[in-house]
Every structure is written in C-alpha cells, then in structure tokens.
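*Asks:* Quick one: structure below, then a few questions.
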C-alpha cells in the first residue's frame, strides 16, 4: 500500500498541467449541464487548498500576483457590502463562493508555471466551441439537436445551452477562436472558412449582447493583427492576402447558397429579423421604441441609478438587486404594467435580477468600493500587458482580449454575479493568470511580475 499512497501524495502535492488543463476544459464542456460545471472547479479548489496548506509562502510568489490582485479587487468589495446587504444570505453565499475560484486559480497557476505551456488549453476550448456551434446549427436546420433538444421556429438558436447563452459564449471566446484560425492558416489556407459557421451561430443566437461582445472581440483582434503581431513582414502580408481571398471566396459561396436555397435564407431571416428590427429603435428618439430595442432595460437602468444614489458606498450586496428593486424603481414602468395585466401585486415575482449592465450591477451591488476595485483591476491588468516584451505580449494577447470582452463595462448581459457568468469570468481570470506566469517564466526579461 505504501507505493499507492506515495503516488496519491505525489499527485495531490505536485501540480500537474494535464490535470489543470483537463479540469479547466471540463468546466467549459459542462456549461450546458449547469450546475455540474461546479464539480471540476471545486476539484481544482481542493487541489489549490492543498497547495496553500503545504506551502503558504507560495501565495507571495510573483506568478500569483495577478490572481491575488484580481481576487482582492473583486472579493473585498463584496465583503464590504455585507453589512448593508438587502439579501444577506444570498450575498454571503456568493461572497464565500469566490474563495473557491481563487483556490482553483492557485493550483492552475502553479501547474502551468512548472509546465510552461498553455496552448493545449486554447486548442481544447476551440474544440468545445466547434462542438457546441455544430450542435446548434444542426438544431437550426433539422429541428432538433444531438441531445434531442427541439428548435422552435423563429426563436433563438440555443443548441445544448439555454436561449441566448451560446452566442455570448462564442463571442466571449472569439479571440481564442480567431487566433486558432490564424495559426491554422499557416498549414491550411482555406481555414478562414471556419469563421462562417462560428459567426452564423452568433447571428442566429439572436443575442444583441453577443453581437456587441463580438464587435469588441473583432475590433480588438484586428488591432492586434495590424499593430502588434508579425503580419507586418512581406511573408505575413502575403499570408494575410491569402486569408482575405479565402474569406472572400467563403462569402461568395455563402451568397450563392443563399440565392440557390431561398427556403434556408427565409429561415435565417425569420430568426434574426425581429432582433435586427428592434435595434432601429435605438436611434428613433422615441422612449417606447428605445425601451423595446433594449428589452425594457431603460427602466431597469433608471432604477439602478436610484438604488446606487442611496447605497453609493457599498451597495445592496451581490444578488440583492432583485430584492431591492421594488423600493427604487420608477412608477408606472414596464414591470408594474405587466403585473396589472396578470393581476398580481408582488413586484418581486417579475423584477429583473440585475441591471443587465456590468458597470451598473457592480455599482448597485458593491457601490463605490466595488467600482474602485474594478478600476484598480483594469489598471493593473493593462500595466502588466504593457510590461511584456513583444513575443510575450503576442502569446498573451488573445487570452487578455477574452478577459476584456468578459469584463467590458457597457455590454448588457446576464447577471454579473450569477453562478454561470461569474464562473466564466473567473475561468478567464485564472487562465490569464496562468498565461502571465508562463510568459514571464519563459522570458525573464519581460519585466517584473507585479
């Protein structure tokens, strides 16, 4: 039994990059089976706790600085909000759960610092994305996905995820997908055609949040290509020309297909036209049309501002927005009218769970303290990027851009502190902490770790 226990002790005490990679990928793969993605995250946290207990001094390691700063910038404001939380049980539970993500990151960072390689993680994420969008497109064209989930004509394409989520997930990881396509173009010139099903799924998801996130990811990645990558050389310009040619050919093929298959084109139009039509209300100057264009969020934003003006210092606590909504919402808003129609008097029954705007949710949940933490984290993040040497910067940038998309302050999405989204945010933070540590380990001249 001695050798068996020795192997178990070695497995637990010595961080393993394959184990960290497998668990991190399992989190993304299990997103359709919420809340099962908690299992690999908790497993990582347990392994991280062992690391902390066996060597507390490791937390002070330069490779852990970004993870520690991110944790303190997010967790301390949540902790400070607890004395005035309107839903203290939920706020306390959410605040405590953030410690799990931190411990998971401790294990992952140490594992990758020893291994010095993270590209397998990007490959795995892209493989999962390909599976998810293939399943969603199959659902759209055949009426049922590979798991037997039906598609309702004219509604959002969802695949194995809940409606609206697949578009946001793909858009959030778009920088990694773009980078894999770029690398694949070195060996397989037509690789840009892989952008078509990816972008088509985001379009058919009908999520304007996803469309906005995709715009941020695309602009950020193009900036990377033309300013900081190696596309400036003549050979790389030739490769860029080939990529552009492949994209043009793919667009032409798509146009021919749309012309030759009018029924398919009609299905695409039915799925996207209502969402596109609503966007016209943004520039109409009419409040009602604007409300419809933003899915009745103007009233929510006004309520959030009212709430923050009262609880400006430390907010109402994570997950407290819905409980406090009734006390701060404007009179005669959409939710009051809806309740009158269905004959109910309990506003919390239909109250929005969040402001659907990250900056406002952080402000209402954790107040000025939370906003300060957000700004400190953003500043520290960009300082670390600027300190990297060119080669290290190029290896880190796709992951960094994914974190920018996840934390972009002006894109409305699902509840910031919800289990699903905060897991994705922390997954991205953990991976960025890993790639920062690897980049600095590979190139000691890249600058100070902090």
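The values are calculated or read from the model by the stated rules, or taken from the named source; none is laboratory data. Because the structure is a prediction, the values reported are computed rather than measured. Every residue, glycine as well, gets a Cβ built from its backbone with ideal geometry; the counts of neighbours run over all protein chains shown.
*Asks:* Can you tell me which residue in the range 296-306 is farthest from residue 88 (Cα to Cα), limited to those that are touching a helix residue (DSSP H, G or I) at 6+ places or on another chain (Cβ under 7 Å) and outside any loop (DSSP other than H, G, I, E, B)?
*Replies:* Selected residue: 298.
*Asks:* Specify the residue that is farthest from the chain's Cα centre (by Cα); the eligible residues are those in the range 31-48 that are under 18 Å from residue 132 (Cβ atoms) and crowded, with 18+ Cβ neighbours inside 10 Å.
*Replies:* 40
*Asks:* If you scan the range 307-331, which residues turn out to be more than 25 Å from residue 93 (Cβ to Cβ) and either modelled with pLDDT of 90 or more or out of contact with any helix residue (DSSP H, G or I) (no Cβ under 9 Å at 6 or more places or on another chain) (or both)?
*Replies:* Residues satisfying the conditions are 309, 331.
*Asks:* Right, another one. For residue 189, only one of the following conditions fails: (1) farther than 21 Å from residue 134 by Cα; (2) modelled with pLDDT of 65 or more; (3) crowded, with 17+ Cβ neighbours inside 10 Å. What is its number?
*Replies:* For residue 189, the exception is condition (3).
*Asks:* Among the residues in the range 161-171, are any closer than 15 Å to residue 402 by Cβ, within 17 Å of the chain's Cα centre (by Cα) and loosely packed, with under 15 Cβ neighbours inside 10 Å?
*Replies:* No, there is no match, as no residue in the range 161-171 is closer than 15 Å to residue 402 by Cβ, within 17 Å of the chain's Cα centre (by Cα) and loosely packed, with under 15 Cβ neighbours inside 10 Å.
*Asks:* Within the range 81-103, track down each residue that is outside any helix (DSSP H, G or I) and surrounded by 24 or more Cβ atoms within 10 Å (Cβ to Cβ). If you could, list the steps in order and put the result at the bottom.
*Replies:* Let us first name the residues in the range 81-103 that are outside any helix (DSSP H, G or I), namely 85-87.
85 - this is the single residue of the range 81-103 that is outside any helix (DSSP H, G or I) and surrounded by 24 or more Cβ atoms within 10 Å (Cβ to Cβ).
*Asks:* Out of 66, 71, which single residue is surrounded by 20 or more Cβ atoms within 10 Å (Cβ to Cβ), in contact with a helix residue (DSSP H, G or I) (Cβ under 8 Å, 6 or more places away or on another chain) and under 26 Å from residue 320 (Cα atoms)?
*Replies:* Among 66, 71, only 71 is surrounded by 20 or more Cβ atoms within 10 Å (Cβ to Cβ), in contact with a helix residue (DSSP H, G or I) (Cβ under 8 Å, 6 or more places away or on another chain) and under 26 Å from residue 320 (Cα atoms).
*Asks:* Can you pull out every residue in the range 411-450 that is modelled with pLDDT under 85, farther than 20 Å from residue 110 by Cβ and in contact with a helix residue (DSSP H, G or I) (Cβ under 7 Å, 6 or more places away or on another chain)?
*Replies:* Passing the criteria: 411, 412, 413, 414, 415, 416, 447.
*Asks:* Something else: Yes or no: residue 106 out of contact with any helix residue (DSSP H, G or I) (no Cβ under 6 Å at 6 or more places or on another chain) and assigned to a helix (DSSP H, G or I)?
*Replies:* Working: out of contact with any helix residue (DSSP H, G or I) (no Cβ under 6 Å at 6 or more places or on another chain): no; assigned to a helix (DSSP H, G or I): yes.
For residue 106, the condition - out of contact with any helix residue (DSSP H, G or I) (no Cβ under 6 Å at 6 or more places or on another chain) and assigned to a helix (DSSP H, G or I) - is not met.
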